[in-house]
1. Could you check how many residues of region 45-68 are more than 14 Å from Gly13 (Cα to Cα) and surrounded by fewer than 19 Cβ atoms within 10 Å (Cβ to Cβ)?
2. Do we find a residue being over 13 Å from the mean Cα position of the chain (by Cα) and not in a helix (DSSP H, G or I) anywhere in region 1-18?
3. Within the group Gly45, Gly67, which residue is part of a helix (DSSP H, G or I), of a type outside the set (A, V, I, L, M) and within 10 Å of the chain's Cα centre (by Cα)?
4. For region 48-64, which residues satisfy the criterion of being under 16 Å from Phe3 (Cβ atoms) and in a helix (DSSP H, G or I)?
5. Only one of these is of a type in the set (Val, Ile, Thr) and either modelled with pLDDT of 95 or more or open to solvent by less than 50 Å² (accessible area, probe 1.4 Å) (or both): Val88, Val15. Name it.
6. From Ala6, Ala71, Ala42, which residue is crowded, with 16+ Cβ neighbours inside 10 Å and modelled with pLDDT of 95 or more?
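The values are calculated or read from the model by the stated rules, or taken from the named source; none is laboratory data. Everything numeric in this text was worked out from a predicted model, so none of it was measured. Positions of Cβ are generated from backbone atoms using ideal geometry, with glycine treated the same way; all protein chains shown enter the neighbour counts. Heavy atoms of the whole protein, side chains included, go into the accessibility calculation; ligands, DNA and RNA do not. Shrake-Rupley method; radii C 1.70, N 1.55, O 1.52, S 1.80 Å.
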Amino acid sequence: MLFWEALASALIGLVIAYGALHRMPRRLPARPLVLSTGPAAALLGALLTHTVLGSGHTAAVLIVALGFSAALLSLLIRPARARRRRSVPA
């Protein structure tokens, strides 16, 4: 059961990372970093949740994996560049 939870959580993390890259490509760092952070964060979340709750809580494990992945990917987002207002020449 742990193998399937790990596989599903890694897939969830990869989908979240790909979606973030598709949604805001200019605000995220290099593509390989984002595509590796998503599944790694989801696996970490799944492992921690499975350790705390034990087996038999697959839905909770996958929900927490999704949350961990989204949270760690949100830390990679750079602030949007502010647009400069140019004054009109006199």
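1. Residues in region 45-68 being more than 14 Å from Gly13 (Cα to Cα) and surrounded by fewer than 19 Cβ atoms within 10 Å (Cβ to Cβ): 11 in total.
2. Initial filter on region 1-18 (over 13 Å from the mean Cα position of the chain (by Cα)): 1-8.
Next, only the ones that are not in a helix (DSSP H, G or I) stay: 1.
Looking through region 1-18, at least one residue is over 13 Å from the mean Cα position of the chain (by Cα) and not in a helix (DSSP H, G or I).
3. Values: Gly45 fails: within 10 Å of the chain's Cα centre (by Cα).
Exactly one residue qualifies, and that residue is Gly67.
4. Thr49, His50, Thr51, Thr58, Val61, Leu62
5. Values: Val88 fails: either modelled with pLDDT of 95 or more or open to solvent by less than 50 Å² (accessible area, probe 1.4 Å) (or both).
One residue alone meets the criteria, Val15.
6. Values: Ala6 fails: modelled with pLDDT of 95 or more; Ala71 fails: crowded, with 16+ Cβ neighbours inside 10 Å.
None of the others qualify; the one that does is Ala42.
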